[in-house]
Each structure stands twice: as structure tokens, then as C-alpha cells.
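Down below is the structure, laid out as C-alpha cells.
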Amino acid sequence: MNPTNSNKKAINSPNPPSGVSDRLQVIANGGSVPAEIHPAIHDEDSVLDIRDFRLWYGEAQALFDINFSIPRGKVTAMIGPSGCGKSTLLRSVNRLNDLIDSVRISGDMILNGRSIYEPSVDVIELRKRMGMVFQKSNPFPMSIYENVIYPLRIDGERNHGVLDEVCERSLRGAALWEEVKDRLHESALGLSGGQQQRLCIARAISAEPDVLLMDEPCSALDPLATNKIEELIDQLKGDYTILIVTHNMQQAARSSDYTAFMYLGHVVEYGPTETLFQKPLLQETQDYVTGRFG
Amino acid sequence: MQSKQLFKGILAGLAVILMVTVPAVAQMVDPDLKGYTPVSGVSGSIKSVGSDSMNNEMTLWAEGFLSFYPNVQIEIEGKGSSTAPVALIAGTAQFGPMSRAMKAKEIDDFEKRYGYKPTALRTSIDMLAVYVNKDNPIQGLSLQQLDAIFSKGRRGGATKDIRTWGDLGLTGEWANAPISLYGRNAASGTYGFFKENALFGGDYKDEVKEQPGSSSVVQGVARDKFGIGYSGIGYRTADVRVVALSPTADGTPVEASPENAYTGEYPLARFLYVYINHRPGSQLDPLRREFVRYIFSRQGQEDVVKDGYYPVPALIAEEDLATVGIQ
Amino acid sequence: MNSNPAATPQTDDVPSGGAPRAPRRRAQRSSSSLLAYGEPMLWLTGGALTICLVMIIGLLALIFHQGITTFWPAPLVQITTLEDRTFMGEVTREETFAPAATVFTQLAPEVAQQARRTVAANDGTAHRRLVRIGNFELTGDHFNWFSDFMIRDERRPDWAVTVERLSWGRFYGFPAAFLVDGAVVADTPAEVWERYEAHHNEIRKRWRQRRHLETHAIGKLNRQEEKARLEMRTALLQHGPDAARYAAALERLETVQRRSQIETARLREQINALNTENSRYQLRLVTADGQEKNLALEEIVRAFPANRLSLLEKTSIYLSRWWEFFSDDPREANSEGGVFPAIFGTVVMTLVMSLAVVPFGVLAALYLREYAKAGPLISAVRIAINNLAGVPSIVFGVFGLGFFCYFVGGTIDQLFFSAKLPSPTYGTGGILWASLTLALLTLPVVIVATEEALAAVPGSMREGSYACGASKWQTIKRIVLPRAMPGIMTGMILAMARGAGEVAPLMLVGAVKLAPELPVDTIFPFLHPERSFMHLGFHIFDLGFQSQNSEAAKPMVFTTTLLLIVIIASLNLGAVLLRNRLRKKFISGVF
Ligand SMILES: Nc1ncnc2c1ncn2[C@@H]1O[C@H](COP(=O)(O)OP(=O)(O)O)[C@@H](O)[C@H]1O
Ligand SMILES: [Mg+2]
């Protein structure tokens, strides 16, 4: 137990757990533990508030009582072992889970003061305010140019001036402009893996979204490409709120401002990245970030 | 049977007038037939549905007709004589070539619809030939023997079923060779005519290999050393032999030659008809009128010869033209 | 499959403490079993493939060989038999046989004796050849078999000539004289031939000019007359015999008729002039057995001294015969001439079919794959579609005839073409109905292939599109369809291959033996979807089973089959190339 823990402890299990991963064990046994949220977060202006969010795939519950807020203009990383629900949470933010028939949810998310899950919300409009980058790059079967301006095309934008400008700005934003400016009208499928992923980022930011969602954007890339994308995240922060899922501790430590540690559908600890990696409130977090389990 | 008697009578009479003894095929056409002269104002489209034995004949007529009226559209469909009355009644065809006369039922159906009978034009003469492989030594057959070869019931009066070539008196390798039977499918007029006249109305054996076309019967027999089949004389090739036939069990076999067709001695000669829908006493439209005139012209009857059938004499041509009010 | 039984006991064994035994067992098995290396399977699968290949290649080789050699000009042989009859023609086939004793009894005694001796010297077997002897109007036969033992003398005469004619089939003989206006102007073979070659081209040119006058000039007049007649009929039907409109239409018809009569007479005069000029020239040939025959030069398509040809001349005849085959209308009940209308009909029908089936099938597949909620109903629909692919094609033919021709076509006729009734316009088989029937027939192929192609579009692409805020239709239109296009093209290729080779249903819905009028031409309204058409597949059936001169038609069966295969292959090749281009564009590798 961390002695500096000032939060009130409300452990549901009858016996207060002892030992290294007791909280995690409680969770694994089907119990529930409230998240350790660092107070520093409450000082930030939040873009997205997640409130009592639960999610089920059919009968199986994948997210349990998620409560936290994402600060505006910052990079928030989500870490945790595979299958703990990071992607699920990310996909809940732009309601991509709606595409899966078996998904049910309860609770709500508030984006800039307005609910995401209210029946009156236009999902398509909502998604237009978010950009998303997937684990595996997924350029569309069309030219580089068309890929980048795809969000504008579906909005019916026809003005070539606007489109050209957006294309260049987005590609520059994704640090790809110099590499592809002479082959904008060639197929995007001819790019290398790292270039494709940066193209997807360019596409995600071309419509100037409120929030940029990135689901393990570097996991399929070589170190050089990973480096580039991390640099890119550094540049983008400030202009965009970024929510990034990563498996790579160094990456989380290097490029994020805040980090949430998730375990089996629960948020275990959430706080400023530095604190979380240097002296976390919980021993369990310490164990995970130092690689002692997971 | 009755129509056949009539047919024989006509032909026997004609034979006297005609004196057909010329060897060259082209000269078989009656010199009294007039050459075709085109008229103006003929256009439109013609559709013919009916006998497949007359498919080539119709096509040759069409080609000849088109050389006078290149703009007329002619379509020819030949899937069996039974399809002709149906198409004529439905009005989908203007010409119904048939290798047999219409049955009473078919005439009735037509009459019910239009109030008058269809008009039959006797356009040419065919002999139904019995074919064997070119190496088959058999000389002649009687209708009774044919009946015993092809039918189940032997209505013709034969006492014994005939199954091998030995049953017909052949020796050597032929003695025990089973006879392999080729025939036409039931929609064909040839099928009906052979059943009526060679099987005396009896039923075909189940072993008869039914062929989709007149020519495929001949080709089947050409490939099958022990085969026998029936088809129009026009489909003869060098790979088969035509067997002489005798009408009675002890008569002398009659060759399938044009002379014997005209005299009526050959037992399986028949008219090939073209049926049309013509209200008695009315005028045919120009297109049909000219096509009919072409069929009975010298060129039209030369086409008949080209196709391996025999032309009708000028007398019959005049008679049939008169029934549709021409000349 | 062999490693599983070995592997399963091992995993079972581990917890029960049998770990040391397991690897040994496994090693034993795999080293001792032949199956382990898959050798028998290799032989089985390889063998099956080989058998398939041998059959396919054998069939293609046969068709190719037969089809390609048909048009090569054959030399002429002159045969005199022991019975002193002389024939001349082209050898088309030969075989060895054992003549039965009865063969000789029909011969004259001394001839029979000689023949018997020849056969006996040859172990009782003999050789015979099928010779195309032509001259049908003189002999009544196109072909004849000649046994070697019956031949007294055989030679290849220098000046034997093969003549291909517009009608009556081929003529073989020796040039005896060249006649102009009935007077002999040349009478040695070389001179006659010189004259023939000097005149033939211009005569054929005049002949074509005459055909052109007949088809185009007179045809136009005829069509005007027909149109006026139809207007008169329409007026009669709509307004009755007493109406003024009818009287006006009738008058118009009479004017048109009068005018066209005058015009026709004028054109006929031109035609007659051409005819008279052409009929001045005649070629007199003597047959091998001494009969004389005058042939009008106009009637001759092609003639050549078959035994005097150089390789170059042979090649040029060969090519000109192919060209005639491709570009001409059929003659002599389809057994001679060309197959152009059939080529045209086949291609047009296949294209119209593709145009009909692809959009229809793709839309259906889109609904099934993208919109419909999975459930028993959708499964049932899928099963029904798959079963549809197994329904015999003739059933589609019957359906096409009943539904398209009689019902839809009949209704159209009643509404728009009542003046022409009772002769049907759309109410009978035609290229449109045939294409639609085949479209129905090939619909399952397209649906199944499209569904597979749609299913193969990666989910990540769709998600990417949705994440950009695209709607479902936008995603389908911009991402899914382009990406699935190569797969859809595959479906179209399969459908085309199936459709172009199908014959049975076509016989019911519009393919006919003779339809020289093309469904697309220069006569208003240019497209004639109601017309019957010729089809190469049906043409093959017709030549093979219906032709009167089946021996002469046989080689045409092979050439036509070869042609059909080439056309289907090139339609497919075109589609494959298109697909590959699309594939390169849409599905290239990721790295
Ligand atoms: N489409 C789905 N249907 C059912 N279960 C799913 C689906 N996607 C994810 N899950 C389950 O939800 C849990 C969380 O998955 P995910 O969010 O992908 O984890 P992470 O991204 O943290 O590795 C896992 O147990 C996974 O099996
Ligand atoms: Mg994940």
C-alpha cells in the first residue's frame, strides 16, 4: 500500500487486499475498485467527460464504471495489458462501436458540454468532429490526394482551392508533404507502411477535429517510423486534444501529458504521466510500468 | 393412310405426264414452271416456324427470295413440324413448314381461332429413306420387316421381332450383331410419318436413339456399323447407304429414286407442306403472296433440288397457287 | 492431417505425466508413415490435374487442328475406277477396312476377280478415301468413297480447277473455253485462265454494286412504303374506315407507292444493266468424265487451278477464305459463305447480357451483404440464389419465352405496335429477350462473386471511412465498391463465359438459323432489340445436326467452334485485363 494515498479507500471486497497486485486481483475476481485519480487533472480544462460508462459485448461486460476526463490540448495516453478495453473505450468516444450489433452501453460521455450518446445526437456529425488513427494503417483505395481530403469530399466540398490547401496543410501537419508532394495523384497503396500511417494521420486531421483518437498508431511500424510519428504527436499537441492508446511504456512516457492505466475494463490509476511513471499512487501501477507483470 | 392413297393417285397420274427420266438433277425441275419476276412494294418481315426437315429448304427459299428483295427480314426457326400449327394459331409465324399433313386436332384448333381452315401448300416431295452404314450388305427390306425392327407391337403383321442383322438374313460378323436403331424425336414430322406409314401406327421400341436433327440420324448411322435409321432423302451422305423398300412382305424392293417417288411406287414418299393462314376468297398481303409465288417458281423448285428433295410439277404448283388466289 | 493424431495424444499425455513417451511416439509415426510426407496426396492431386489438362488440351488441339486446316486449298485428284468411270475432287478423309465378301458380288466378274486379288494380297484389308466430287447438279452427290482396289488409274491433272460458287456447291473440272456474249474467245486452258483472271474481279465488283443497289436504294423505297402502309393501318384501327384521317393516310400511301414504283423501275434498269453486262462472260468447264458446263462468272466466288498453285498463292486463297468466313453472310443454308451475322449476334448478345446482369446482380449483392440483417430469411434467399445457378438452362429458356416474349413483349406489341398485329414485333424471340434471359441465367454467378468481393473488403477500410464521418452509402460508393470492383469483374467474366457458350435457352428466345438483318445497323432507329439473331453456338448445333450436306458442313463445325472459342476467350481476356488494371489500382500490396 502506498502510504501517500490521500484518497478515501472504498474497497468493496470484504478483506482489504494485501500483497503486490491485490487491487488487480479484486478486479480479476469480479470485484470493483474505484480509480485513483490524481487531483492535478481537475485543474485542467476538460474536453471530454466520461461518466459511469459501461459497455457490454453481448453478455460480456468490457468496460466497468469508467469515470474520467480528458484535458483540452493535451496528450492523454491509455496503457494496460492487452484486452483491457483501451480500444473499446477509444471507439466509444466516436461511437464506432455502434457498428457492432451486440454492443450495449450505459452511462454517458460529454464532449464540450454536450452528450455524445443522447438519442438526438447525429452520429455522423459527431464523427466529423473526431479524427481517428487505427492500429493498422488503412489508406483507402484511391490517390494520396483523395485520401487526405476524403472527410471534405464526403461533406460535398468541391472548391479546388480549399481542397488543395487542406491537402497541403494536413500533409505538412503529418510531416509527409515533402515525401509525397510530387506524387499526390498516385495510389496511396504504393506508400510504405510508415508513410501510410502518417497519411492516415493527415486524413484524421484534415477536417480539424476537436479530438484526435489514436489506437496504437505505431505498433506495426519500425523504430524509425515510430520516431517520426512520436515527433508528429509532439507537434500536434496544443492544436489538438489527443487520446492515444499504446503498448509501449517509453512512448507513453515520452509523448503524453497524462496517462491512464487500465485493467480488465477498469481504470486503475489516472494522473500526470511523470507522476504515474516516477512515483505512482499504487504499487500495481508501479509494477506494470516497470514491466514486472503484464 | 387415307391421305397417302390420295397422294399416290395424284403422283401416278402425274408420272404419265411428266416422263422423268433425266439424270441431271438440275433438269428435274418441270420446264413448265415459270421463272420468278420481282414486283415492287414488297417489304416487311417473315417468320417461319416448323419442321426441321424443311429448315434448309426454307433457308434456301429465303436466301433466294432475299436476292430479289434484300430488305425483307426473314427469320426461320425449325424445331419440328408440331411447332408449326401452334405458331400459326398464335400468329407468331406467317409460314408453317410441315413434313406431314396437319392432324385433324390441329386443324380444329386453328379453325376454332380463325373460323376457317389453314391452307396447305404442297411445296416439294420427299422420300423418307432408310439408311444403313455404307459397309452394310443388306439389299432390301419390306415395310413389315421395318416394322419388326423398329416397333414394339408389329402391327404390320410380322410374326417375329427382329433384333439382329442375322434375323434379316445377313451372315458372317453380321449374324449376331444387334441392330442399333436411330430415329427422330417426337416433335418431328418425320417421326410421325414413319410411325404412321412404316410402323402402321404402332409404337417405337424404347431402344431407338432419338436424334435432335435429320442430319444427326444419318451421322449416327455413318459412325455406327450396325446402325439403321430413317431420315429425309436429302440428308444422304457418302457414309451411308439407302436401302430399297418394298410395300409388301413378298414384293420386290423399290429403290429410293426420283422416278419411284413420282410414280408413287416407293412406299415412303410424302409431300412437304408449307401451311399459311389464308381466309378463303381473300387476297394475301404482298409479302406472303410473293413468297408463295417464289416457292412455286422455277428458282424456288431448283432450291428444292439443291436441298436433295424433289420438285413438284407445274400442275400441282398451279393448283396450290390457285387455292390462295394467285393467277 | 497426419500430424494431428500424433500431436493430440502428446498434449493429453503431458499433464498425466507421460511426457517422455510422447515425443518418441510422434517421431516414430512420422518417420515410418508415407502419408506423413503427403506423397500419395501429391500424386492424387497432381494426377487429377494432369487428367483435366490432357482432356482440355486434347479437345482444344482437335478443334484447333481441324478448324485451322479447313480452309487450306487441297489438291485435286482424278480417279478412274475399274468400272471405267472417272471422278475428280478433293480427298477429305481416309480409312482402312475389311471389305465383306458381298462387296465383290455386286461387281462385274472380271472386275471382282481383280479386286479380290488385290485385297487378298493385302491380308484381307483395304484402304479407301472419301473424295469430295462436287458437281452436284450433274452427279447428285457431293462426296464419294473410293476403295483403292477399285482404282485403275489415279493422277493429279495439271489444269484441274476448283470453283467455289454462290450456289450448288463446288465444281471441279478443266477450263475448256472462255465465252463473251456466247462466242468462244479463248480455248486453251492457259488462255482461258488468263481471261478469267482478267475479268473476274470487275465482275464481282459489279455484282457487289448490284447488291448494294438492291439492299440500300430499293430497300429505302420499300421501307418508305411499309411505313406509309403502317400509318394507314394505324389510322384505320384508331379512327375507323370512314374517318377523314384514314382517307388521307390511304391517299398518302398511294402517292408513296406511285412514287416508289417509278423509282424502283429506274433502279431496276440500272440493276438490269449491270446484270446484262455481267452475264456476257462465261467460263466453260469440262468435267473429268467429259460433260460440259457453262458457268456465269458472276456466280463464281473463287476459282483456282488447285494443282498449279505456289505456296504463296495457296496462302492467299487460305486467307481470303478466312476473310470470307468472318465477313460474309452465310449461303446455301448456312453450309457455305461466312458467319458474320452470327459473330455479330453473339457479341452483341453477350454485351447486352453483361450490361443487364452486372448492375442488377451488384445491387442485389449489395443489399444482401451490406443492408440486410443476417437471419433465416436472408439465408433462405442465399440458398435460393445458389440453387438458381443449378437450374437447367433450358428452364430459363422456357421462362424467358413465357415471360419476356409472350407476356412483356405481347403487352408492348398491344400498346405500341398494334398496327402490325397479328405479326408480332416484340412478342416473339429477339436479341433483347435472349440477352435478358441469359442475364437471369447468369445472375447467380454475379451475385455470388460480388458478395464474396464485398465480404473481402477489409473491415478496417470501412471503419476508417465511418470514422471520417462518412455515411453508409458514401462508404459503399467511395470505398467498398471500388475496392470490390476487381472481384465484381471476375463475376462478370464468369457470367460472360457462361452466357456466351449457352445455346439451349437461346433456341427458345430468339436465336434462329437465318437472320441476316443485324440487330444494330445504319437504318433508323439503328438499334433493333426486337430482331431475332444468329448465334455461333446455335450455328454449330445447326451445322452439326441439321445440315443437309453434313459431310461438307463438318469442317465448318470445327472452324465455327474455333471461332466461338476465340471470341469467348477474347471477351474474357478483355475483361481480365480490365480487372487487372483495377486490381493494381485498388489492391496493391501494403509494403
Ligand atoms: N467486437 C467484439 N465483440 C466481442 N468482444 C470484443 C469485441 N472487441 C473486443 N472485445 C472484447 O472486449 C475486451 C476489450 O477489448 P479491446 O478493447 O480490444 O482491448 P485492448 O484494445 O485493450 O487490447 C476484450 O476482452 C475483447 O475480447
Ligand atoms: Mg486494442
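The values are calculated or read from the model by the stated rules, or taken from the named source; none is laboratory data. None of these values were measured; they are calculated from a predicted model. Cβ placement follows ideal geometry from the backbone for every residue including glycine, while neighbour counts extend to all protein chains displayed.
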Some residue of the stretch A:118-132 being within 14 Å of ligand 1 (Cβ to nearest atom), among the hydrophobic types (A, V, I, L, M, F, W, C) and in contact with a helix residue (DSSP H, G or I) (Cβ under 9 Å, 6 or more places away or on another chain): yes
Close pairs from the stretch B:157-181: first touching a residue at least 40 places away in the same chain (Cβ under 8 Å), partner part of a loop (DSSP other than H, G, I, E, B) and aromatic (F, W, Y), Cβ under 7 Å, at least 6 apart: B:W165/B:F226; B:A177/B:F226; B:P178/B:F226; B:I179/B:F226; B:S180/B:F226
Wholly enclosed helices (runs of 4 or more DSSP H) of the stretch A:207-288 bearing at least 1 residues more than 14 Å from chain C (Cβ to nearest Cβ), of a type in the set (A, V, I, L, M) and within 16 Å of ligand 1 (Cβ to nearest atom): A:249-255
Residues of the stretch A:149-181 classified as in contact (Cβ under 8 Å) with a residue 12 or more places away in the chain and within 14 Å of chain C (Cβ to nearest Cβ), total: 7
Helices (runs of 4 or more DSSP H) lying entirely in the stretch C:391-509 (those with 1 or more residues that are more than 30 Å from A:P217 (Cα to Cα)): C:393-399, C:410-416, C:431-455, C:481-500, C:504-509
Any hit, the stretch A:121-136, residues being out of contact with any strand residue (DSSP E or B) (no Cβ under 9 Å at 6 or more places or on another chain), assigned to a loop (DSSP other than H, G, I, E, B) and more than 16 Å from ligand 2 (Cβ to nearest atom): yes
Answer residue from the stretch A:128-148, given it is surrounded by fewer than 24 Cβ atoms within 10 Å (Cβ to Cβ) and farther than 18 Å from A:S192 by Cα and is nearest to the other protein chains (Cβ to nearest Cβ) among those: A:K128
Flag for C:G402 being within 14 Å of chain B (Cβ to nearest Cβ) and closer than 27 Å to C:A228 by Cα: no
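Do any strands (runs of 3 or more DSSP E) entirely within the stretch C:120-159 hold 3 or more residues that are among the charged types (D, E, K, R) and within 11 Å of chain B (Cβ to nearest Cβ), and if so, which? Walk me through it before giving the result.
Values: elements: C:126-132, C:143-147, C:151-155.
Passing ranges, in order: C:126-132.
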Unmet criterion (only one of (1) over 16 Å from B:Y69 (Cα atoms); (2) more than 13 Å from every other protein chain (Cβ to nearest Cβ)) for C:R259: (2)
Residue within the stretch A:228-251 that is surrounded by fewer than 20 Cβ atoms within 10 Å (Cβ to Cβ) and touching a His at 6+ places or on another chain (Cβ under 7 Å) present: no
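Every residue, every condition in (1) within 14 Å of the chain's Cα centre (by Cα); (2) under 24 Å from B:Y191 (Cα atoms); (3) outside the structural domain of B:L199 (by TED's automatic domain parsing), yes or no:
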residue: B:A244; (1), (2), (3): no, yes, no
residue: B:E255; (1), (2), (3): no, yes, no
residue: B:E259; (1), (2), (3): no, no, no
residue: B:I276; (1), (2), (3): no, yes, yes
residue: B:L284; (1), (2), (3): no, no, yes
residue: B:R298; (1), (2), (3): no, no, yes
residue: B:G308; (1), (2), (3): yes, yes, yes
residue: B:P311; (1), (2), (3): yes, yes, yes
residue: B:A314; (1), (2), (3): no, no, yes
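Rundown of residues vs (1) within 14 Å of another protein chain (Cβ to nearest Cβ); (2) part of a helix (DSSP H, G or I); (3) more than 15 Å from B:Y69 (Cα to Cα); (4) in contact with a strand residue (DSSP E or B) (Cβ under 6 Å, 6 or more places away or on another chain), yes/no style:
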position	(1), (2), (3), (4)
C:A190	no, yes, yes, no
C:N201	no, yes, yes, no
C:W207	yes, yes, yes, no
C:I218	yes, yes, no, no
C:E225	yes, yes, no, no
C:L230	yes, yes, yes, no
C:Q238	no, yes, yes, no
Residues satisfying the stated conditions in the stretch C:79-119, i.e. part of a loop (DSSP other than H, G, I, E, B) and surrounded by 14 or more Cβ atoms within 10 Å (Cβ to Cβ): C:L82, C:P99, C:A100, C:L107
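Quick one: is B:G96 within 14 Å of chain C (Cβ to nearest Cβ) and either within 21 Å of B:S282 (Cα to Cα) or assigned to a helix (DSSP H, G or I) (or both)?
Here the answer is yes, as B:G96 does meet what is asked.
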Residue identified as of a type outside the set (G, A, S) and in contact with a Phe, Trp or Tyr (Cβ under 7 Å, 6 or more places away or on another chain) among C:E551, C:E517, C:E502: C:E551
Within the stretch A:67-97, tally of residues that are in a strand (DSSP E or B) and either farther than 26 Å from A:G291 by Cα or within 9 Å of ligand 1 (Cβ to nearest atom) (or both): 3
Of all residues making up the stretch C:427-478, the number that are touching a residue at least 40 places away in the same chain (Cβ under 8 Å), under 29 Å from A:R153 (Cβ atoms) and surrounded by fewer than 23 Cβ atoms within 10 Å (Cβ to Cβ): 4
Residue that is nearest to B:Y235 (Cα to Cα), among those in the stretch C:144-156 that are under 37 Å from the mean Cα position of the chain (by Cα) and surrounded by fewer than 22 Cβ atoms within 10 Å (Cβ to Cβ): C:N144
Tally of residues being closer than 27 Å to C:T475 by Cβ and either more than 14 Å from chain C (Cβ to nearest Cβ) or within 12 Å of ligand 2 (Cβ to nearest atom) (or both) across the stretch A:79-102: 7
For A:A10: the one exception among (1) of a type in the set (A, V, I, L, M, F, W, C); (2) modelled with pLDDT of 90 or more; (3) farther than 24 Å from A:E208 by Cβ; (4) away from ligand 2 (no atom under 16 Å from the Cβ): (2)
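Could you grab me the full set of residues in the stretch C:327-347 that are at positive phi and outside any loop (DSSP other than H, G, I, E, B)?
As a first pass, look at the stretch C:327-347 and keep what is at positive phi: C:332-334, C:337.
Selection gives C:G337 alone.
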Residue that is farthest from the other protein chains (Cβ to nearest Cβ) [pool: residues in the stretch A:36-66 that are assigned to a loop (DSSP other than H, G, I, E, B) and within 16 Å of ligand 1 (Cβ to nearest atom)]: A:E59
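Please go through the stretch A:98-117 and give me each residue that is part of a loop (DSSP other than H, G, I, E, B), within 16 Å of ligand 1 (Cβ to nearest atom) and of a type in the set (A, V, I, L, M), ordered by number. Walk me through it before giving the result.
Filtering the stretch A:98-117 for residues part of a loop (DSSP other than H, G, I, E, B) gives A:100-102, A:112-113, A:116-117.
Right, trim to within 16 Å of ligand 1 (Cβ to nearest atom) and you get A:100-102.
Matches in the stretch A:98-117: A:I100 only.
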Some residue of the stretch A:183-206 being hydrophobic (A, V, I, L, M, F, W, C), modelled with pLDDT of 90 or more and surrounded by fewer than 23 Cβ atoms within 10 Å (Cβ to Cβ): yes
Tabulated pairs, the stretch A:89-104, first of a type in the set (D, E), second more than 14 Å from ligand 2 (Cβ to nearest atom), C-beta under 7 angstrom, 6+ apart or interchain: A:D98/A:V123
Leading residue by the ranking (farthest from the chain's Cα centre (by Cα)) among those in the stretch A:219-247 that are under 29 Å from A:I124 (Cβ atoms) and within 16 Å of ligand 2 (Cβ to nearest atom): A:A220
